[in-house]
Structure formats: C-alpha cells, structure tokens
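Remarks on the structure that follows.
The values are calculated or read from the model by the stated rules, or taken from the named source; none is laboratory data. Note that the structure is a prediction, hence the values are computed from the model and not measured. So basically every Cβ, Gly included, is an ideal-geometry build from the backbone, and we count neighbours across all protein chains shown. The accessibility values were calculated without ligands, DNA or RNA, using every heavy atom of the protein model including side chains. Shrake-Rupley method; radii C 1.70, N 1.55, O 1.52, S 1.80 Å.
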Amino acid sequence: MNQLEQQLHYPFGDTLPESGKTMEIAPGVLWIRMGLPFALNHINLWLLEDEVETETGRIHGWTVVDCGISSDATRDSWEVLLGDKNNHLRGLPIVRVIVTHCHPDHVGLADFLCSRWKVPLWMTAGEYAFARMMSASLPGADGTAMFPHFRKHGLIDPTMLEQIQERKNHYTRLVPTVPAAYRRLQEGIPLNILGRRWDVITGFGHSPEHASLYCAELNLMISGDMLLPRISTNVSVFAIEPEANPVQQYLDSLQKYSHFPADTLILPSHGKPFRGMHTRIEQLQDHHTDRLEEVRVACTTPQSACDIVPIMFRRPLDSHQLTFAIGEALAHLHKLWFDGTLQRQLGDDGVMRFVNVVSNK
C-alpha cells in the first residue's frame, strides 16, 4: 500500500470476492470482481437487489451496474455466477442493466446481458451515444482516426505506430454490439431501487457523461471511474474532440463529490471499496497540480504530447498504455493552453508543439 492509500480506510481490508462468487457490501448490494486482459487486470461490478414493473407485472431480481468486456471468459463468468442459487442471488433474475460509461470494460457485455434477460439498458445520453458511435466504428470515432491524431502530436516511431495500427479494432472487439435502445440516466432524476433512492451524479473529463450512483440511506456511492483509490483516472484528448479540455472538466467534476458525507463508502470500478472521499479528492487535485507544473516547466522549450509522455509516465509503456499516455499528456498541455500559460505551434513537420508564453516574449 503506497503512502496515499494509507490515508484512506478500507473497511474490508484485503478481502476480495472469490472468482465466480459475490461478496455482500451492504444489504442488497453485492460485489463482483472480473478479470481484464490489460495491465489493469480487473473490474468491479455491482448487483443491487431490485424490483421493477414490467408488462407482465412486478419482478424481483437484480440490477447490474457495469458489465465487463465482451469475451467468452466474461460471459462464462456471468453464466456461472447467475446459475449459482446459493451465491447470495437466490436464483433471482437480472431485471435491468445500468452502465456508468462507454468504456469497453463497463459496457462491453451490456447487449449480451440485456438480450439474455430481456431487460433494458440504462445509461446517460452522452455515454450511450458514444458507445453506439464507437461500436459502429463511425468515421472520427473509429480506430483509424487515432493515427493522424497521434502523428500530429509527435508519435513518429514506426514500430509503435505499427503496434497501434494493430489496435484499430480494439473497441469493436471488446464492444461488438450495443443495445439498439436505452433508458436515460440523468442527473437530478433519481432511481428507485427496491424502495431506496439512488441519485445520479454526472462527471466529465474521463468520458462524455459518466454516471455515479449515490444512496444516502446506505451511505455509499458507486463511483465508477471518477473516484479510484489507487490510480488516477485517465483524462485524455481524443481524435473525435481534438481541442477538448478534459483535465479542467475532471477537476470541475470532482467538486460535485466534495458535497457528500466524508464517511461515504466508495465502491470504485478498480481497486477496493474505501472511505475517505474528501481526502482522495484532495489527492487527485494535488496530483494534477503537480503534473501541470511538470509540464509547464518542460515547455520552456517547445514540446509535443509525445515529448511529455516520459515526463509524466516514468515507466515502460506498451502500445495500449501509450495511447492513453499520449492522450493524457495532451490533456495537460491543453489545460495550460486554455489557461493562457502555453501557446501552440504547428511545425513544418506537421507536429503540434506547446511552449510557455513567457519564453517567447
């Protein structure tokens, strides 16, 4: 456990759900942990005991929050889990699927679960739209759009470009389909889940319209990727929104969470449930302040996003990690550019570089 983690409280210690099993977090709230084939090797999923009105009457069952990637291993894990009548689930069906945001580890298997149980998908409009665009590989949202984007921001290494080329179908492999219809999650419109009120909190910077869920009665929040205990949430500039300012959006969004009780139990998508939300918010704010200062100092001379990557990420990166690292480096450059601290220059080589405004006076 690193120094920052030691400032947080983990009420369940090192206890994790067993493979193919659930772990009860609170009455009617179950924790599932499924594997991912990345350096970030797991995702936390949640089951909320629920009762919903259908055309054939009320049905008692489980609301799923996030789904895992679309893969045989994840499908098999769900089938094993839901087939075990002694595993807290009591043989009850899935009655709805909620997805916090459009990233593959969250929405990948939504269509399978919704079709398998004939239940609706709930997402915010921004997340659903992006999931549909990327799964359909529409121009601008497809994998090929990232190549000119990365080249413009300094990625010229032919080996790495070739490896990234092989990832152009990354999203569609992990999210081959998305349900053709959805029900909208919207901030200010709470959900009723088995008689308990769950408020929707939208956040920005990590994804288009991320939804977290807060239940005052249980004093817990399903935070998705907006509040993670061990790692900082990725905030990136992508080809489809090339002049975005996601660091500013993320920092602004963190302020929404600071109004909730300090002892709220946070259920994150990665890592372990923790208390100490206000402390973690301060840690994340300090993290970005430090990274922005590092980037500002580096830009005494013109720097591309790729030039900034080794300053922000001091470890070897594979092609999967590099795409996020370039996006995050560019996000920090953009924050300083929007603030008027940096100016940008498009070189004769077609690469965009950023430099301190003061250094050019």
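Summary table below
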{"item": "FRET efficiency for Q343 and S258, using Cβ-Cβ distance with R0 set to 35 Å, rounded to 0.05", "result": "0.60"}
{"item": "Gaussian network model of the chain, springs between alpha carbon atoms under 10 Å - residue of G350, G143, G57 with greatest fluctuation", "result": "G57"}
{"item": "Within region 206-247, GluC sites (Glu not before Pro) in DSSP loop having at most 12 other beta-carbon neighbours inside 10 Å", "result": "E217, E243"}
{"item": "Lysine pairs in the chain with Cα atoms under 24 Å, if 8 or more residues apart or on separate chains", "result": "9"}
{"item": "Percent of Cα pairs exceeding the 16 Å cut-off, where the set is region 172-249", "result": "64 percent"}
{"item": "Share of carbon and sulfur in the accessible heavy-atom surface of region 211-285 [1.4 Å probe, %]", "result": "51 percent"}
{"item": "Förster radius 22 Å - calculated FRET efficiency between R151 and T301 (Cβ-Cβ, nearest 0.05)", "result": "0.60"}
{"item": "Exposure of M160 as accessible area (Å², to 10), given a probe of 1.4 Å and all protein chains", "result": "40 Å²"}
{"item": "Inter-label distance for Q3 and L161, nm, one decimal - labels placed 7 Å from Cα along Cα-to-Cβ", "result": "4.1 nm"}
{"item": "Rounded to whole Hz, the Karplus (6.51, -1.76, 1.60) HN-Hα couplings of region 223-228, x for glycine and proline", "result": "8, x, 9, 6, 10, 10"}
{"item": "Loop sites in region 9-112: trypsin sites (Lys or Arg not before Pro), DSSP, at most 14 other Cβ within 10 Å", "result": "K85, R90"}
{"item": "For D66, net neighbour charge (Lys/Arg +1, Asp/Glu -1) across residues whose Cβ lies under 13 Å away", "result": "-1"}
{"item": "Region 1-36-region 37-102 distance, computed between alpha-carbon centres (Å)", "result": "17 Å"}
{"item": "Segment E294-V80, extension gain: residue separation times 0.36 nm, minus the distance between their alpha carbons", "result": "72.3 nm"}
{"item": "H259, H60, H288, reordered so the largest accessible area comes first (probe 1.4 Å)", "result": "H259, H60, H288"}
{"item": "P(r) weight above 34 Å for the chain, C-alpha pairs, percent", "result": "28 percent"}
{"item": "F238 - accessible surface, heavy atoms, 1.4 Å probe, Å² rounded to 10", "result": "100 Å²"}
{"item": "If the convex hull is drawn through the Cα atoms of region 245-323, its volume per residue in Å³", "result": "122 Å³"}
{"item": "Cα-based convex hull volume of region 168-305 per residue, rounded to whole Å³", "result": "148 Å³"}
{"item": "Cα convex hull of region 11-164 - mean projected area over all directions, nm²", "result": "12.0 nm²"}
{"item": "Compactness of region 120-243 as Cα Rg over 2.2 N^0.38 Å, two decimals", "result": "1.27"}
{"item": "Choice from L251, L330, L228 with maximal GNM fluctuation in the chain (Cα, 10 Å cutoff)", "result": "L251"}
